[in-house]
1. Here is a check on your reading of the model: is Phe410 within 16 Å of the ligand (Cβ to nearest atom), in contact with a Leu (Cβ under 9 Å, 6 or more places away or on another chain) and among the aromatic types (Phe, Trp, Tyr)?
2. Test Ala467 against the criterion of being in contact with a Leu (Cβ under 8 Å, 6 or more places away or on another chain) and not β-branched (Val, Ile, Thr), and give yes or no.
3. Is it fair to say Thr406 is closer than 26 Å to Tyr331 by Cα, buried (at least 22 other Cβ atoms within 10 Å of the Cβ) and modelled with pLDDT of 95 or more?
4. Checking Leu343 against (1) away from the ligand (no atom under 16 Å from the Cβ); (2) crowded, with 21+ Cβ neighbours inside 10 Å: exactly one of these is not met. Which one?
5. For segment 436-459, check the following and say yes or no: at least one residue is away from the ligand (no atom under 16 Å from the Cβ) and at pLDDT 95 or above.
6. Among the residues of segment 88-106, which ones are out of contact with any helix residue (DSSP H, G or I) (no Cβ under 6 Å at 6 or more places or on another chain) and at pLDDT 95 or above?
7. Pro501: over 21 Å from Glu375 (Cα atoms), surrounded by fewer than 17 Cβ atoms within 10 Å (Cβ to Cβ) and modelled with pLDDT under 95, yes or no?
8. Any residue that is within 22 Å of Pro504 (Cα to Cα), more than 16 Å from the ligand (Cβ to nearest atom) and buried (at least 24 other Cβ atoms within 10 Å of the Cβ) - is there at least one of those in segment 89-106?
Amino acid sequence: MSTAHAIARDVRAGNRRAVDVLEDCLGRIETHDGDVHAFNTVTADQARAAAAAVDAAVEGGRDPGPLAGVPVAFKDNLCTRGIATTCSSRILEGWQPPYDATVVQAMTAAGAVMIGKTNLDEFAMGSSTEHSAFGPTRNPYDLGRVPGGSSGGSAAAVAAGFAPLALGSDTGGSIRQPASLCGIVGIKPTYGRVSRYGLVAFASSFDQIGPFAADVADAALALGVISGHDPADSTSIPAAVPDFEAALGRGVEGLRVGVVSELTGSGRNGAATGGPILGDAALGDAAGELLDGIDADVTERVLEAADALAQAGATVGSVSVPAVTYGLTAYYLIAPAEASSNLARYDGTRYGLRVEGADVEEMNRMTRRAGFGDEVKARIMLGTFALSAGYYDAYYGKAQRVRMLTRRDFDAAYADYDVLLSPTSPCVAFRFGERADPMTMYRCDTCTIPSNLSGDPAMSVPFGTGAEGLPVGVQIMAPALGEETMLTVAAALERAAPPLPKPPLAGVTGSTGAGS
Ligand code: GLN
């Protein structure tokens, strides 16, 4: 599979036709998506028409744009006009949005060709795609394992070579964690950098759209296309969009990189296993409470990544960000609280599914009972409880204070460091059913949630393999609107990373343990 850069260059120059690029991707989907199930919908007909229009533009001497002829997959919670947008939920059955999300418009205006809508955990609630109402997506590296979630379909689509680019949404890690588990790059931009207009809301104060790509340069290209102020999203930041790609070659000389001690054990006596840099006792003064449940193979790769950056000229140290240890608890109060409010609109009146009842109230109840899956129902109940009059201060209020603490601790860390490093996911891709109890599943988000609480940008870059030869992702975090520095570091890490084997698109087939 060519990169998005190569495709756009060749299509713009008239050396390759967009329709041929598309047919290659459709062929791969035809052969392998029965196993992978990355897509809820493949929009082959619309895609053929769009690709032909790109070719016609080139033939007519017009420039289709920086993504000319690049097939792109959209997570199925991004509104696409006249095309089913399901959020992988029965409750949106039959619903077709009357408009395109701003990011969908931006991608297609840049010449990209929508190839389909990708599977997700229902309403983006989950970390494995096992909570999709349409059955799980499988990891192209091992079909017996999850691709991560909630944007598992988008990550698997890129990893499997079904499309060079995909978009997802990240509320608590749903771009970065699946990118990590599928061995690709995923970016959660600064909250407000990318318009959320047309993204079906889960937890509005966290939700952010971002790209998946096979390499950092393609991810930066897509980020540039979707970034920018949008008057249709009141939380959109009216800031100029930098040239993200220009940041890739800058080099890390002089940059200060802080390894988060709570998420790696760096800075703890004897705990650092990385190598000369973080193993140095002189750096062992920033030890925060180490969160448990982060696998040693993952931590080792992160510490090796830190060493690689030091060798490339960065100043690397260990830094404590104490509030990250409370991130999970705070997020799982605030996110369900916002979700309980956002999902109140699915009552059988305006969207999708309706189950008739004796009166309106019964119709509402029957529709929601039939339309939502168990995880979504659990979150709605949890969120409603956290917001109820008697408990508001104890739960929601307290969680908001933790959010403030997180902001404060990150500010302190960024006073000394330009970027922070941690694992993206505490483990490599796990088997279906392995994290069935909710707390175990929620712990997948330990390292990613803090940047959602703060609204800062963060991304995952593949860096070697862990258990069973499966990909490990390193997370790079940066202060608000610090995407350029983040990308500079990501590009350096990519240059230093051991080569990752291509996904075999093989392995265990048959039961996913998810009953569908
Ligand atoms: N796994 C987290 C959750 O279930 C994050 C999901 C997301 O980022 N959309 O809420």
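The values are calculated or read from the model by the stated rules, or taken from the named source; none is laboratory data. Computed from a prediction, not measured in an experiment: that's the story for all the values here. Note that each Cβ is placed from the backbone with ideal geometry, even for glycine, and that neighbours are counted across all protein chains shown. In case anyone asks, the SASA skips ligands and DNA or RNA and just uses the protein heavy atoms, side chains included. Shrake-Rupley method; radii C 1.70, N 1.55, O 1.52, S 1.80 Å.
1. no
2. Judged against the criteria, Ala467 is not a match.
3. yes
4. (1)
5. No, segment 436-459 has no match at all.
6. Within segment 88-106, Leu92, Trp95, Gln96, Pro97, Pro98, Tyr99, Asp100, Ala101, Thr102, Val104, Gln105 qualify.
7. Here the answer is yes, as Pro501 does meet what is asked.
8. No: zero hits.
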